[in-house]
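The values are calculated or read from the model by the stated rules, or taken from the named source; none is laboratory data. Bear in mind the structure is a predicted one, so any value in this text is a computation, not a measurement. Neighbour counts are summed over all protein chains in view; Cβ atoms, including those assigned to glycine, are modelled from backbone coordinates with ideal geometry.
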Amino acid sequence: MTVVGRLMCLCGGLVLLGLSVSATAATLNVAPVRVALAPGETSATVQVHNSGDRIAIMQARVFKWSQAQGAADQYDPTRSLVVTPAVFSIGPGQMQVLRVGVRAAADDNAVEQAYRLLLKEVPPTKLGEGSGLRVALQIDMPIFVLPASAPTVDAEWHAERTGSNALQLTVENHGNAHLQITQLNLSAGGEALGLTDSAPSLMYVLPGQSQTWSLTTQKPLPATGQTIDIAAETDRGSRQEQIMLGS
């Protein structure tokens, strides 16, 4: 996967008034795009390849990942996982191998543990002459430590009609592992409702948590008390749900 995301200006409070500047950024390919450690596994590797045209100095950190209803995802410092090297320099065309390790392997986790690996470019202390506007790269990827028993997802879906073309979709995950929704389609009476471009993608619901998303449909929703059909593609396979619209 080629990642050029979360670009941050390194020039402070720069105001551009009729000024033409060039912007440069590192281009990194990361594989795999997420890590899953099975029970008893203590480490995994992540390959970072620089396909850009300049050297990038990167900092790697691991955070505990948690969710709470109605709040943004929470990233907290952790000592349960470590990543090495923590700081590295990677030149054009070069590859760096990162090792993610569990400090104390646990074979009896009842519930999957979720973490995020954050790769952040270290800003240069001084921009070279003629380098233009320099932007920094930040990459964020999930790491899962799987439960001792087989991963299961027990998802409960709810929908609340908030307007003629608007609803809030809530998914409660009663299982012991995460659910990732990669594609979502809504229909009513056999007719696709369509979602606007503002619909979220790659939606995660961690075990024991619930998440709510505000969605806008291209066609009007049925009245409150009527049903809609949901077809979802997830990392656990395809799911078909029929749910009643609440108010």
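For segment 205-227, filtering for residues that are in contact with a Phe, Trp or Tyr (Cβ under 9 Å, 6 or more places away or on another chain) and modelled with pLDDT under 95 leaves 1. Within segment 174-182, one or more residues are in contact with a Lys or Arg (Cβ under 7 Å, 6 or more places away or on another chain), within 18 Å of Trp65 (Cα to Cα) and modelled with pLDDT of 95 or more. For Cys9, the conditions (1) at pLDDT below 50; (2) farther than 21 Å from Leu137 by Cα; (3) surrounded by 12 or more Cβ atoms within 10 Å (Cβ to Cβ) are fulfilled apart from (2).
This table checks each residue for (1) assigned to a loop (DSSP other than H, G, I, E, B); (2) among the polar types (S, T, N, Q); (3) loosely packed, with under 15 Cβ neighbours inside 10 Å.
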position: Ser149; (1), (2), (3): yes, yes, yes
position: Thr152; (1), (2), (3): yes, yes, yes
position: Arg161; (1), (2), (3): no, no, no
position: Gly175; (1), (2), (3): yes, no, no
position: Leu184; (1), (2), (3): no, no, no
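Taking segment 53-107 as the range and being acidic (Asp, Glu) and either exposed (fewer than 13 other Cβ atoms within 10 Å of the Cβ) or farther than 27 Å from Asn173 by Cα (or both) as the test, the residues that pass are Asp53, Asp76, Asp107. Taking the numbered list (1) surrounded by fewer than 17 Cβ atoms within 10 Å (Cβ to Cβ); (2) under 26 Å from Val145 (Cβ atoms) in turn, Thr224 passes all entries but (2).
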